[in-house]
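Visitor: Dumping the structure here so I can ask a few things about it.
The values are calculated or read from the model by the stated rules, or taken from the named source; none is laboratory data. Since the model is a prediction, treat every value here as computed from it, not as a measurement. Cβ coordinates were reconstructed from backbone atoms using ideal geometry, including for glycine residues, and neighbour counts include every protein chain displayed.
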Amino acid sequence: MSKESMKQDVESRIKDLRKQIDYHNYRYYVLDSPEISDFAYDQLMRELMRLEAENPELVTPDSPSQRVGAAPASSFPPMVHRVPLLSIDNAMDTEELRAFHQRVVKLAEREDIAYCCEPKFDGLAVELVYENGVFTRGGTRGDGYTGEDVTGNLRTIKSIPLRLITNDPPGLLEVRGEVVFYKSAFADLNRERSERGEPLFANPRNAAAGSLRQLDPRITASRALVFFSYGIVDAVSVGLGSQYETLKRLSSLGFKVNPDVRLCRGIDEVINFCLFMQEKRESLPYEIDGVVIKVNEIDIQRVLGIKARSPRWAVAYKFPPNQETTTLRKIEVQVGRTGVLTPVAMLDPVKIGGVTVSRATLHNADEIKRKDVREGDTVIVQRAGDVIPEIVAPVVSRRTGNEREFVMPDTCPVCGSGVVRDSAGNNGAGGVMYRCVNMACPAILKEQIYHFASKDALDIDGLGRKIIQQLVDKGMVRDVSDLYALTRDDLMQLEGFAELSTSNLLKSIQKSKQTTLRRFLYGLGVPHTGQVAARDLADHFGSLERIMEADKEELQAIRGIGKEMAQAISGFFSNERNRTIIRKLEQRGVKILQQQPSEPESASLAGAKFCFTGTLKSMTRSEAKKAVEERGGQVVSAVSSQLDFLVAGDDPGSKLDKATSLGIRILGEDEFMKMIKEE
Ligand code: IVH
């Protein structure tokens, strides 16, 4: 074969790989419905990386290989927005919504106004520029006129298409939307940061902003950011007549669009939807702080026009804040699983958004200083979604002079050992963490055991904090492997233990010996390794030995595992103490089942409402119903705004039209099958 034709072969293989990877990325990150295993995906990615490394002249900016993160930048160049990003006026209650509607009716000189209502993401606004269908530039909102060009970081966000799904792309397309951090990923990130002694992010929004404004795109790549689109600049130029159509177009071009969008006629429907979202807010995987209400038809938007900095055709209904005031009695210091000292505010119990709050995290000493929170203060406490309650600020006017300033102890409040201050890693806001130096500190050990025995790890039923406390305090357990050497006599010595409780606990310990690789890895508390990473590692390597031997490069080849994480994982497994504990666990009978037992059916569809239309090829209606119900979901017969999913089989009926008009998420049979197949 000639050199020329070999080159052509490589080129076409590269093209083919990119196409496949783009497609699978889209299934995974935009539709949440992957078609192939992570392993198969990794294989494709690796082949592409190899071919591109061998043929660097063939690398293009829209190649999926470019998502891994380019070299660090020293600063971000400005990005001037061709059309400024406006802000939106707020409506603080339903009265203000009605007033908004009245203004619209008056200025538009018509009564029948349709509104496109969308949850208001609490993230970071960005603009993406596509030239001839290829993502070329993107930046933050900044002051609305000029933001920062963070193209390299945006490229790492997998839900941002690097190439639009269309055969006929416009010369220029400017897409707007919001980068958000999912609540669960936020909790994982903060847990990892606290384990590493780094300052925590106060909320998902700050985490999104901090991650997007990273000078090192590889750090951005390691963060689970998600982009939701909600607008096209000059939508009319691409043939669009309404906001609702715009959202549909964005979805068909490969963007993620919020499924909770509703087209409402008249202000009563709008108000109902706002109240509905206010209820639903807590159960969403990301944070929203209101609903954006936009006049649907672009012609009417044009009639209404814009005033100084915000359009007359849109308003943001803001949810009432989940805030209350209460008294901060005391600041206690807790020692976490990795020895980090965290101050916690002990509050007079107060109900916020239906939940009683009596503690709130203060993150670290810097945070206390910055907010000037003192023991005895009246404080404003806030709960946002599932996020841990936090102290917003002290009410300074209520001070009596008896408040006490907090000082971080210079010895560990649990074991009395010295405390070191380390400045946090290079990828956060910076700051100082205090950490107990004693590897055998009982507080650290107790937290490790608690984590090891937790439901998602080794699942030792009945091994609660009180028992762990006694086991550690009496010196019976010095590391997790000692749990498997406990005898009947040992347990009978514990307070409150009798025949039955002893035999029950021994049984649970015995039972936990048969485990899976995922659980085992998670339970060990490998730094940065939450349940998702543990699953990915287990699926990729298949055995503990292989993971323990893996080097950083091999670890980094896995989707979702960045440089930092790979470093921490390989560091954990080369640590002699950790290796000894693993060996002892094996010697004492902990067995990782090669054939992973099918985990009990999880309530993966908990609370979700499904409706079916048309004929399914792979199962009967009643089988489908059973599958949904077994996973905690509910099947209803009619389409209403309360529905979460409409599953459309062959020959769908009028339910499909109705669901579409209500903005309900439609699932094809394949998507539905994937959904019920997932763990
Ligand atoms: S539309 C004139 N839609 O709210 C309307 N904004 O705009 C322009 N935001 O920081 C914006 N969710 O990023 C729109 N579904 C949504 C939104 C949304 C959140 C943010 C936006 C900006 C602020 C004001």
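Visitor: Collect the residues in the range 649-679 that are in contact with an Asp or Glu (Cβ under 8 Å, 6 or more places away or on another chain) and within 14 Å of Lys609 (Cα to Cα), keeping them in residue-number order.
Guide: Ile664, Arg665
Visitor: Look at the range 454-497 and say how many of its residues are within 29 Å of Ala538 (Cα to Cα) and not in a loop (DSSP other than H, G, I, E, B).
Guide: Looking only at that region, the number is 8.
Visitor: Are there any pairs, at least 6 apart or on different chains, whose C-beta atoms fall under 6 Å, with the first in the range 70-92 and in contact (Cβ under 8 Å) with a residue 12 or more places away in the chain and the second within 16 Å of the ligand (Cβ to nearest atom) and polar (S, T, N, Q), and if so, which?
Guide: Pro78/Thr146; Val80/Thr146; Leu86/Ser310; Ser87/Ser310; Ile88/Ser310; Asp89/Ser310
Visitor: From the list Tyr484, Tyr434, exactly one residue is among the hydroxyl-bearing types (Ser, Thr, Tyr) and under 30 Å from Ala202 (Cα atoms). Which is it?
Guide: The unique qualifying residue is Tyr434.
Visitor: For the structure I just gave you, tell me whether Glu148 is within 22 Å of Lys294 (Cβ to Cβ) and of a type in the set (Asp, Glu).
Guide: When the stated conditions are applied, Glu148 does not pass them.
Visitor: Check whether at least one residue in the range 87-97 is under 30 Å from Lys158 (Cβ atoms) and not in a helix (DSSP H, G or I), and report yes or no.
Guide: Scanning the range 87-97 turns up at least one residue that is under 30 Å from Lys158 (Cβ atoms) and not in a helix (DSSP H, G or I).
Visitor: Every residue in the range 660-679 that is farther than 22 Å from Glu629 by Cβ and either without any contact (Cβ under 8 Å) to a residue 24 or more places away in the chain or aromatic (Phe, Trp, Tyr) (or both), please.
Guide: Across the range 660-679, the qualifying residue is only Thr660.
Visitor: In the range 644-659, is there at least one residue being without any contact (Cβ under 8 Å) to a residue 24 or more places away in the chain and surrounded by 17 or more Cβ atoms within 10 Å (Cβ to Cβ)?
Guide: There is at least one residue in the range 644-659 that is without any contact (Cβ under 8 Å) to a residue 24 or more places away in the chain and surrounded by 17 or more Cβ atoms within 10 Å (Cβ to Cβ).
Visitor: From Asp93, Asp89, grab the single residue that is within 29 Å of the chain's Cα centre (by Cα) and of a type in the set (D, E, K, R).
Guide: Asp89
Visitor: Go through the range 73-96 and give me each residue that's of a type in the set (Val, Ile, Thr) and within 13 Å of the ligand (Cβ to nearest atom).
Guide: Val83, Ile88
Visitor: Also, quick follow-up: So which pairs qualify, if the first residue must be in the range 146-164 and touching a residue at least 12 places away in the same chain (Cβ under 8 Å), the second must be surrounded by fewer than 21 Cβ atoms within 10 Å (Cβ to Cβ) and among the acidic types (Asp, Glu), the Cβ gap must be under 8 Å, and the two must be at least 6 apart or on different chains?
Guide: Close Cβ pairs (under 8 Å, with a partner that is surrounded by fewer than 21 Cβ atoms within 10 Å (Cβ to Cβ) and among the acidic types (Asp, Glu)) amount to Pro161/Asp22; Leu162/Asp22; Leu162/Asp62; Arg163/Asp22; Arg163/Asp62.
Visitor: Name the residues in the range 97-114 that are touching a residue at least 12 places away in the same chain (Cβ under 8 Å) and either within 16 Å of the ligand (Cβ to nearest atom) or hydrophobic (A, V, I, L, M, F, W, C) (or both), would you?
Guide: Once the filter is applied, which keeps residues that are touching a residue at least 12 places away in the same chain (Cβ under 8 Å) and either within 16 Å of the ligand (Cβ to nearest atom) or hydrophobic (A, V, I, L, M, F, W, C) (or both), the range 97-114 yields Leu97, Phe100, Arg103, Val104, Leu107, Ala108, Ile113, Ala114.
So that you can scan it fast, the table gives a plain yes or no per residue for (1) touching a residue at least 60 places away in the same chain (Cβ under 8 Å); (2) buried (at least 19 other Cβ atoms within 10 Å of the Cβ); (3) not hydrophobic (A, V, I, L, M, F, W, C):
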position	(1), (2), (3)
Gln278	no, no, yes
Arg281	yes, yes, yes
Tyr286	yes, yes, yes
Asp289	yes, no, yes
Trp313	yes, yes, no
Arg329	no, no, yes
Val344	no, no, no
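Visitor: Also, I was wondering about something else. Under 6 Å between Cβ atoms, which residue pairs at least 6 apart in sequence (or on different chains) link something in the range 124-136 that is closer than 15 Å to Phe228 by Cα and of a type in the set (D, E, K, R) with a partner that is modelled with pLDDT of 95 or more and more than 16 Å from the ligand (Cβ to nearest atom)?
Guide: Pairs that qualify, where the first residue is closer than 15 Å to Phe228 by Cα and of a type in the set (D, E, K, R) and the partner is modelled with pLDDT of 95 or more and more than 16 Å from the ligand (Cβ to nearest atom): there are none.
Visitor: Could you check, for the range 263-272, whether at least one of its residues is within 18 Å of Arg110 (Cα to Cα), modelled with pLDDT of 90 or more, of a type outside the set (A, V, I, L, M, F, W, C) and within 14 Å of the ligand (Cβ to nearest atom)?
Guide: no
Visitor: Having 2 or more residues that are away from the ligand (no atom under 13 Å from the Cβ) is the bar; report the strands (runs of 3 or more DSSP E) wholly within the range 276-335 that clear it.
Guide: Of the strands (runs of 3 or more DSSP E) lying wholly inside the range 276-335, those with at least 2 residues that are away from the ligand (no atom under 13 Å from the Cβ) span 323-335.
Visitor: From the residues in the range 1-20 that are without any contact (Cβ under 8 Å) to a residue 24 or more places away in the chain and closer than 15 Å to Met49 by Cα, which one is nearest to the chain's Cα centre (by Cα)?
Guide: Lys19
Visitor: Has the range 195-203 got at least one residue that is within 16 Å of the ligand (Cβ to nearest atom), part of a loop (DSSP other than H, G, I, E, B) and modelled with pLDDT under 95?
Guide: Checked the range 195-203: at least one residue is within 16 Å of the ligand (Cβ to nearest atom), part of a loop (DSSP other than H, G, I, E, B) and modelled with pLDDT under 95.
Visitor: So, one more: Return the pair list, or none, for Cβ contacts closer than 8 Å from residues in the range 233-260 that are over 17 Å from Gln301 (Cβ atoms) and within 15 Å of the ligand (Cβ to nearest atom) to residues that are among the charged types (D, E, K, R) and at pLDDT below 95, at least 6 apart or on different chains.
Guide: Pro259/Arg665; Asp260/Lys280
Visitor: Here's something else I'd like to know. Specify the residue that is surrounded by the fewest Cβ atoms within 10 Å (Cβ to Cβ); the eligible residues are those in the range 516-553 that are hydroxyl-bearing (Ser, Thr, Tyr) and over 23 Å from Ile444 (Cβ atoms).
Guide: Across the range 516-553, the extreme among qualifying residues is Ser543.
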